[in-house]
Amino acid sequence: MSTTPLSGVRPPALIAISPRKPLLSVDETNRLLRQQGVCLALAQGVVLDRVAQSVSLSDDEENALMRAYLEGEGVKDDKALAAWLARKGWSSADLRYFATKAERLRRFSQARYGSEAEIRFLDRKLDLDQVTYSLLRVSDRDEAEELYLQLREGEADFATLVAAHSEGRERITRGLIGPIALTAGHPSLTERLRVGSPGQLWPPFKVAGWWLLVRLEQCFPAQLDDAMRARMVDELFQVWFKEQVNLLMAGEDLMPLPRDPNAPSA
């Protein structure tokens with residue numbers, strides 16, 4: 001194991017963690033990246049930086065984002081700004097980058113995947129739809145049949161029967177489950193909930209050694225509103241982002257970025 005000090009004269013220190021304080025050589029930095037397991041974090045940073053740097057904003061847009069960022073940090077005047085930058089070890093360029101990064105990533109994602117959001121939504125709709133249902137679990141089939149008849153005939157309410165008879169954790173919520181993704185449960189449960197109507201009670205069915213009584217309470221179909229569209233765009237970006245990071249980790253070349261739609265024509 002090398003005993004060369006991290007901040008020694010040999011080899012020349014070139015990498016600075018704190019501004020104006022060179023600490024590591026390139027060779028030392030590469031060693032630490034490998035041995036401390038931070039290569040993945042660096043690869044992620046490289047891809048995000050590459051994306052952010054590829055999107056242009058107008059001066060007015062950048063200045064508005066910087067003002068909003070500083071307001072959120074409680075920085076109210078130039079004197080406070082100078083002290084704040086000094087504490088963080090940032091330059092004005094660093095401030096501009098951090099203040100505008102999220103918007104640059106959003107614009108990149110929207111430009112690249114905005115047109116694919118609806119397709120993604122339709123592919124994912126079953127996972128996005130949510131339901132609320134009542135659940136009771138017992139291990140004995142005859143008991144399940146008897147409780148089912150009581151519910152069907154209106155002789156008892158679901159919550160009371162759960163408190164008295166259920167053998168599962170749903171007793172904590174008196175049998176009420178959700179809102180939860182339609183596909184979050186066992187496939188046998190999902191099949192019923194997918195085609196059911198609110199208020200529908202199914203005869204007992206067996207899942208993983210339990211006899212289940214289930215009544216669908218409410219359905220919450222996913223809607224492709226602005227928030228959902230933004231979520232689908234972000235999911236598509238995350239898929240692409242992970243692919244890019246994996247390329248870097250494997251020593252492969254990154255895919256070319258699309259042309260910035262906001263850049264002036266040549």
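Could you identify the single residue in 69, 97 that is more than 29 Å from residue 243 (Cβ to Cβ) and out of contact with any Cys (no Cβ under 7 Å at 6 or more places or on another chain)?
From the options 69, 97, the qualifying one is 69.
Considering 112, 96, 120, 104, which residue is among the charged types (D, E, K, R), open to solvent by 70 Å² or more (accessible area, probe 1.4 Å) and not in a loop (DSSP other than H, G, I, E, B)?
Unique residue meeting the criteria: 96.
Go over the candidates 176, 213, 189 one by one and state the one that is open to solvent by 40 Å² or more (accessible area, probe 1.4 Å), in contact (Cβ under 8 Å) with a residue 12 or more places away in the chain and either closer than 15 Å to residue 136 by Cβ or touching an Asp or Glu at 6+ places or on another chain (Cβ under 9 Å) (or both).
Result of the check over 176, 213, 189: 176.
Name the single residue, out of those in the range 156-173 being touching a residue at least 24 places away in the same chain (Cβ under 8 Å) and not small (Gly, Ala, Ser), that is surrounded by the fewest Cβ atoms within 10 Å (Cβ to Cβ).
The extreme case among them is 167.
Could you grab me the full set of residues in the range 221-244 that are over 22 Å from residue 48 (Cα atoms), surrounded by 15 or more Cβ atoms within 10 Å (Cβ to Cβ) and in contact with an Asp or Glu (Cβ under 7 Å, 6 or more places away or on another chain)?
Matches in the range 221-244: 222, 224.
Only one of (1) at pLDDT below 95; (2) within 28 Å of the chain's Cα centre (by Cα); (3) among the hydrophobic types (A, V, I, L, M, F, W, C) fails for residue 263. Which number is that?
Failed condition: (2).
Quick check on my filter: what residues within the range 123-153 are of a type in the set (Gly, Ala, Ser) and open to solvent by less than 60 Å² (accessible area, probe 1.4 Å)?
Of all residues in the range 123-153, those of a type in the set (Gly, Ala, Ser) come to 134, 139, 144.
Within the range 123-153, 134, 144 meet the criteria.
Consider residue 183 carefully, then state whether it is touching a helix residue (DSSP H, G or I) at 6+ places or on another chain (Cβ under 6 Å), polar (S, T, N, Q) and open to solvent by less than 70 Å² (accessible area, probe 1.4 Å). Quick ask: steps written out before the conclusion?
On the way: touching a helix residue (DSSP H, G or I) at 6+ places or on another chain (Cβ under 6 Å): yes; polar (S, T, N, Q): yes; open to solvent by less than 70 Å² (accessible area, probe 1.4 Å): yes.
Answer is yes for this residue.
Tally the residues that are farther than 18 Å from residue 150 by Cβ and either open to solvent by 60 Å² or more (accessible area, probe 1.4 Å) or out of contact with any helix residue (DSSP H, G or I) (no Cβ under 8 Å at 6 or more places or on another chain) (or both), restricting the search to the range 192-210.
Matching residues across the range 192-210 total 11.
The values are calculated or read from the model by the stated rules, or taken from the named source; none is laboratory data. Since this is a predicted model, take the numbers as computed values, not measurements. Heads up, the Cβs are rebuilt from the backbone with ideal geometry, glycines too, and the neighbour counts pull from every protein chain shown. When the accessible area is computed, the model is the full protein with side chains, heavy atoms only, and any ligands, DNA or RNA have been set aside. Shrake-Rupley method; radii C 1.70, N 1.55, O 1.52, S 1.80 Å.
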